[in-house]
Structure formats: structure tokens, C-alpha cells
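The values are calculated or read from the model by the stated rules, or taken from the named source; none is laboratory data. Just so it is clear, the model here is predicted, and its values are computed rather than measured. Cβ atoms come from the backbone with ideal geometry, glycine included; neighbour counts cover every protein chain shown. Note: areas computed on protein heavy atoms with side chains; ligands, DNA, RNA excluded. Shrake-Rupley method; radii C 1.70, N 1.55, O 1.52, S 1.80 Å.
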Amino acid sequence: MAAGLLADALLGDPARHHPVAWFGDWASWLEERMYADATVRGGWFFAASVAPLAVTSVIVERASGRSPLAHVAVTALCTWAVVGTRSLAREGSGMAHMLDNEDLDSARARLGHLCGRDPSDMDHPELARAAVESMAENTADAGVASIWWGALTGIPGLVLHRAVNTLDAMVGNRSPRHARFGTVSARLDDLADWVPARITGATACLLAPVVGGTIGESWRIMCRDASRHPSPNGGWCESAWAGALGVRLGGRNVYSGRVEFRPRLGEGTRPRSRELRLASRLVGAVTAATGTAAVMGLLVVARLLRARN
């Protein structure tokens with residue numbers, strides 16, 4: 001896992017032939033053939049999508065376990081493939097550079113790499129807000145949750161969590177098409193990220209001084225505002241980032257013509273390019289801290305098991 005996290009920190013996501021993209025193509029193919037405006041059909045779609053990965057990942061875990069070197073290599077490769085926080089931080093930094101130059105058209109085009117909001121009417125602070133909120137939530141989804149499940153269950157945890165999160169992104173939205181069909185995917189993603197989201201928020205608060213914030217103020221904001229968010233997990237991440245950066249998040253969001261109003265998270269002004277750049281730094285810091293903690297925890301467990309044996 002340490003090798004895979006280091007590869008992500010140095011290289012980012014694989015530039016071509018990304019395994020997550022392959023899974024997305026498979027799920028899209030299944031959706032075309034299984035779609036119906038019904039929750040039960042969405043549950044069958046979820047099961048059919050992840051079943052091949054579940055079986056394959058268990059087989060790979062057991063087969064590679066016969067050789068320590070092979071197990072290290074396969075686990076590192078899977079970790080690199082599913083953790084995507086380096087690319088996430090890079091997107092935020094790139095958008096911050098565009099906002100520095102007030103190149104709003106390019107920033108609007110780039111926002112699609114981070115979230116599915118309609119950016120056509122967004123100004124500089126709104127673009128920065130959308131990016132900060134997306135980066136905060138995706139630090140849990142694309143980083144901490146994968147680390148958590150990988151540490152607990154190895155290769156199956158790494159692979160299956162990423163699959164669940166991908167299905168949530170594809171069909172777990174509240175669009176008319178997926179309101180029922182995506183219910184199972186959305187609920188299981190909420191369940192899988194429940195603990196990691198809270199770890200992400202707490203870690204961001206502890207690391208607030210890295211981006212000029214204070215631990216106490218960040219913790220106060222997170223505990224006060226996390227429950228305001230409609231997502232059972234997203235509020236913990238977004239409110240922690242708001243507290244650490246000293247900004248106000250929340251407001252009017254537009255998704256394919258559908259308008260949502262999110263409650264205020266944090267205090268202060270709306271973020272701008274400076275805070276967006278700091279948010280990118282916090283993504284890397286949280287990933288590094290949780291990854292280090294997971295690896296150290298695994299080493300301690302291994303030592304205790306050896307001592308007992």
C-alpha cells in the first residue's frame with residue numbers, strides 16, 4: 001500500500017487505460033441493457049456490475065498471497081489504480097492558476113473534471129467554491145476510503161470500494177432517470193464512506209495549520225456544520241475544509257437544469273484562487289497522513305501477530 005500511495009503521489013492516475021474507466025465502460029454497457037425506473041432493477045444492476053470484480057479480486061488476493069513479492073506488487077498496483085488524490089489536487093491547482101489570470105472560460109471548462117455542476121453562470125468565487133467542495137468530498141471518496149478498506153481487507157477492499165464509488169457517481173445522482181434506479185448504489189456508497197468521511201474531516205482539522213488555519217476553529221466549524229449538509233458524509237469533509245481555510249461554502253448549485261440550495265458551511269468570505277490552491281495542498285496532506293497512519297497500523301498489527309505466534 002505504501003508503494004501504491006507513493007506512486008500516486010509522484011505520478012497521479014494512469015494516463016491511459018485506467019482500470020476505473022474500464023469498469024465505467026462495463027457498467028455503462030450493463031445499464032443500457034438492465035435499466036428500468038425501479039429500485040429493485042437498480043439493485044440487480046449493482047450486483048451484476050460488482051460481482052465479477054468481487055470474484056476476481058478474491059482470487060487475485062489468494063493467488064498472489066502465495067508469493068510475498070507478488071502480493072506486494074499486485075497490492076501496490078491496485079492501490080495506485082484506485083487512489084486518485086494526486087490528480088484531484090492537480091486539477092484544483094490548475095483551476096487556481098486559471099482563476100489567477102481571470103480566465104473564467106477555461107476554468108468553467110475545467111470544472112467538469114471535478115464535478116457535474118453547470119458552470120455557465122459561475123463567477124470567480126463560485127468556481128472556486130465548487131472546486132473546493134468537490135475536492136474536499138473526493139478526498140474521502142478517492143483517497144481515504146480506499147486506504148481504509150484496503151487496510152482492512154486488502155485487494156478486495158481496494159477494488160470493491162472504488163467500484164461502489166464509481167457506480168454512485170454514474171447512477172447515484174438525483175436525476176429523473178436515476179432517482180430510483182440509482183438508490184442502491186447511492187445508499188451503499190454512503191455506507192462504505194461513513195467512517196472514512198469522518199476520518200477525512202477529523203484529519204483535515206488536525207492539519208489545518210498546514211493551510212494557515214487552526215485546529216480548534218476547524219473542529220468547531222466541522223462539528224457545528226457537518227449535519228447541515230444533505231449528504232450523510234459530504235458535510236464532514238466540506239465543513240472541515242471550510243473551517244481550515246476560513247471560508248464560507250454552500251449556496252446555489254445547478255445540475256443539468258436542476259437547482260439545489262445547499263446550507264452555509266463555515267464562516268468568512270467565499271473562496272478565491274488562493275484558498276483553492278490551499279485546498280489542493282490540504283488534499284495531499286490528508287492523504288499522506290491517513291496513508292501513513294494506515295501503513296503504521298498494519299505494521300503494528302503484523303508485529304503483534306508475530307509475537308503472539
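Observations, loosely collected:
- Looking across 26, 22, 80, one residue alone is open to solvent by 30 Å² or more (accessible area, probe 1.4 Å), in contact (Cβ under 8 Å) with a residue 40 or more places away in the chain and under 27 Å from residue 135 (Cα atoms). It is 80.
- The test for being closer than 28 Å to residue 102 by Cβ, part of a helix (DSSP H, G or I) and out of contact with any Ser or Thr (no Cβ under 8 Å at 6 or more places or on another chain) holds for residue 274.
- Within the stretch 110-212, helices (runs of 4 or more DSSP H) holding 2 or more residues that are open to solvent by 60 Å² or more (accessible area, probe 1.4 Å) and in contact with a helix residue (DSSP H, G or I) (Cβ under 8 Å, 6 or more places away or on another chain): 145-153
- A single member of 28, 49, 57 is closer than 22 Å to residue 2 by Cβ and of a type in the set (Gly, Ala, Ser), and it is 57.
- Subset tally (residues that are open to solvent by 40 Å² or more (accessible area, probe 1.4 Å) and either within 20 Å of residue 25 (Cβ to Cβ) or basic (Lys, Arg) (or both)) for the stretch 43-73: 9
- Each residue in the stretch 224-261 was checked for being open to solvent by 50 Å² or more (accessible area, probe 1.4 Å) and either among the hydroxyl-bearing types (Ser, Thr, Tyr) or touching a Phe, Trp or Tyr at 6+ places or on another chain (Cβ under 9 Å) (or both), and 4 pass.
- When 207, 245, 188 are screened for being among the aliphatic types (A, V, I, L, M) and closer than 28 Å to residue 120 by Cβ, only 245 passes.
- Taking every residue in the stretch 280-309 that is closer than 30 Å to residue 93 by Cα and pairing it with any residue that is of a type in the set (Ser, Thr, Tyr), at least 6 positions away or on another chain, the pairs with Cβ-Cβ distances below 6 Å are 280/93; 283/85; 283/139; 286/139; 286/203; 287/85; 289/203; 290/203.
- Residue in the stretch 91-100 that is open to solvent by less than 60 Å² (accessible area, probe 1.4 Å), more than 20 Å from residue 235 (Cβ to Cβ) and of a type in the set (D, E, K, R) present: yes
- Residues (under 15 Å from residue 239 (Cα atoms) and without any contact (Cβ under 8 Å) to a residue 12 or more places away in the chain) located in the stretch 183-223: 214, 215, 216, 223
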